[in-house]
Each structure stands twice: as structure tokens, then as C-alpha cells.
Amino acid sequence: MTNISNPAISVEALGVAYGDHPVIENISMKFPKNQITALIGASGSGKSTLLRSLNRMNDGLATVTGKIHFHDVDINQPKVNIYRVRQQIGMVFQQPTPFPLSIFDNVVYGLRLAGVKDRKVLTERAETSLKQAALWGEVKDSLKKSALALSGGQQQRLCIARTLAVEPEIILMDEPTSALDPVSTTQIEDTLVHLKERFTIIMVTHNMQQASRSADWTAFLHQGELIEYNQTADIFLNPQKKQTADYLSGKFG
């Protein structure tokens, strides 16, 4: 099993059920700081459910049991401020989700929601976030234009910038490139490698090549269970479990 001494976030005996149907059961794992962790597995294996649990996106939709440790607090407790959690643990979805606003207003949306009104702060944070998301050079002269006029790849990088603007510690990504063309996918992957210098990234992907290219750590899930979790090179080159080897070789999934 993995030896991660100072994780950014960890789960202990985590279970999620929709009604009487358990989707993940008894998962315990630690996610390393300033690294990219990929969650892989066939459809229905529980990857996205696990990911969404990490910032309580399953609240109201499912019963979540077990503990989610973040800064020595179990954020799965009802008393925890869920909005504060989601500021610190941001989410980027599969489909780009820009708001029907200007590029600038999209990026600073979360800041304004948090009560930031200082125009200088908003402007500086917008520029920084767009640079971190590798989009500044393409949009710096059109910040007042609608975000909906951007290409799909640009929209996804805008959504990454919007997430970065509130300065989270962790970024969750649910198949962030599955709706994009190969060029845009490469741009996003390149961006992620730079982002991990400042952020911890946890990503669900169906793309085995993407996991092997981008992730430092890879976890393989199957039918709601964590089968194997290790550094990416070990998972792909020397899997310890037959189920892992079978999945990677295309025997199922």
C-alpha cells in the first residue's frame, strides 16, 4: 500500500450509497500534496462518486459514511461549512461550464460571491488565474467579450481559471478533457503539470494515456472498491493485482 505521510486530503472507510444502492464501499486512501492523482476504472466503478465526495458534492443526493480528513478536520461532519470547503477544494467538470457573462466576470465570479469588491484585487486575481490556466495570452485583449464565444478548449481553461481565482488548495477534475479535441487536451495536460507546483490535483479520467502522461499517482477502482493505488509508473508497468493488469490490457472496461 502507498506510504504518503503528509497528505493534502485523505478518506477513511468512505462509503457512498444512492438509496439502497452502494456505489463505493470502505475506501481509505491518502492524496499527496502538490501531485496529480488519477482515478481510473470502468464506467460505474465509483470514480466520479469518490471525487465528488471530496468536496461534498454528493450532499443531498446520496448517503456518505466514513471520514474525509482535510486540515485535521473531518469535513464529512454536518457542522462543517460546506461553502468554505468548496472554496478550498474546487471542482472542474467534464463539460465546460462558462456563465453567460464576460470572460473577466466569469473568472472573478467566485471572488465576488465571497464579497471581494476591490477592483484592483479582482483585476490582479483575474490576470494571475488566466496566466496559471495558460489562457491569458489568448484573451487579454478581449476580457469584456462573452465567454460563450470561446472555443471548447478555451472555455475549459476559463473554468480552470475561475476555480483558481478563489485560491483553492485542491482542484478536483472530473474527466476535464473528454469533451475536447486532441490539441485542447494537450494544452490542458500541459497546464496541469505546471499547476501542481501550487495545487494538489485529483482527476478522474477514462483516458489511460492521459493518466500515464499526467499523473504522479494512479488509483484503480472496480465495482466500488479500491483495487490498487500506487505511483503511476508502478501501476502501468508493474501492477500488483490481476484485476488491474486485466483492465489496463483492455480485457474489460
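The values are calculated or read from the model by the stated rules, or taken from the named source; none is laboratory data. Quick caveat: nothing in here was measured; it's all calculated off a predicted structure. Every residue, glycine among them, receives a Cβ derived from its backbone with ideal geometry; neighbour counts consider all protein chains shown.
Quick rundown of the values:
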| item | result |
| --- | --- |
| Every residue from segment 195-225 that is under 18 Å from the mean Cα position of the chain (by Cα), more than 28 Å from LYS131 (Cβ to Cβ), in a strand (DSSP E or B) and not hydroxyl-bearing (Ser, Thr, Tyr) | ALA219, PHE220, LEU221 |
| Residue in segment 231-245 that is touching a Ser or Thr at 6+ places or on another chain (Cβ under 8 Å), part of a strand (DSSP E or B) and modelled with pLDDT of 95 or more present | yes |
| Residue, farthest from PRO168 (Cα to Cα), within segment 126-156, restricted to residues that are part of a helix (DSSP H, G or I) and among the small types (Gly, Ala, Ser) | ALA149 |
| Residue list for segment 106-124, filter: buried (at least 18 other Cβ atoms within 10 Å of the Cβ) and over 20 Å from ILE188 (Cα atoms) | VAL108, GLY110, LEU111, LEU122 |
| Residues within segment 40-66 that are surrounded by fewer than 17 Cβ atoms within 10 Å (Cβ to Cβ) and on the phi < 0 side of the Ramachandran plot, tallied | 6 |
| Residue in segment 6-15 that is of a type outside the set (A, V, I, L, M) and either loosely packed, with under 15 Cβ neighbours inside 10 Å or over 18 Å from GLN77 (Cα atoms) (or both) present | yes |
| Residue within segment 200-214 that is within 23 Å of LEU150 (Cβ to Cβ), surrounded by 16 or more Cβ atoms within 10 Å (Cβ to Cβ), modelled with pLDDT of 95 or more and out of contact with any helix residue (DSSP H, G or I) (no Cβ under 7 Å at 6 or more places or on another chain) present | yes |
| Unique match (being among the polar types (S, T, N, Q) and closer than 25 Å to GLU189 by Cβ) among GLN77, GLN88 | GLN88 |
| Boolean, GLY66 is over 17 Å from the mean Cα position of the chain (by Cα), at pLDDT 95 or above and either assigned to a strand (DSSP E or B) or not hydrophobic (A, V, I, L, M, F, W, C) (or both) | yes |
| Selection from segment 134-152 of residues that are modelled with pLDDT of 95 or more, within 30 Å of SER48 (Cα to Cα) and buried (at least 16 other Cβ atoms within 10 Å of the Cβ) | LEU135, TRP136, ALA147, LEU150 |
| Residue match in segment 77-84 (condition: within 16 Å of THR163 (Cβ to Cβ) and free of Cβ contacts under 8 Å to residues at least 60 places away in the same chain) | yes |
| Selected residue [outside any strand (DSSP E or B), at pLDDT 95 or above and of a type outside the set (A, V, I, L, M)] from THR37, THR123 | THR123 |
| Pair list, Cβ < 6 Å and 6+ apart or interchain, from segment 182-198 residues that are surrounded by 18 or more Cβ atoms within 10 Å (Cβ to Cβ) and small (Gly, Ala, Ser) to residues that are part of a helix (DSSP H, G or I) and at pLDDT 90 or above | SER184/GLY153 |
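Residues checked against (1) under 27 Å from LEU14 (Cα atoms); (2) in contact (Cβ under 8 Å) with a residue 40 or more places away in the chain; (3) not hydroxyl-bearing (Ser, Thr, Tyr):
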| position | (1), (2), (3) |
| --- | --- |
| ASN58 | yes, yes, yes |
| ALA62 | yes, yes, yes |
| LYS67 | yes, yes, yes |
| ILE75 | yes, no, yes |
| GLY110 | no, yes, yes |
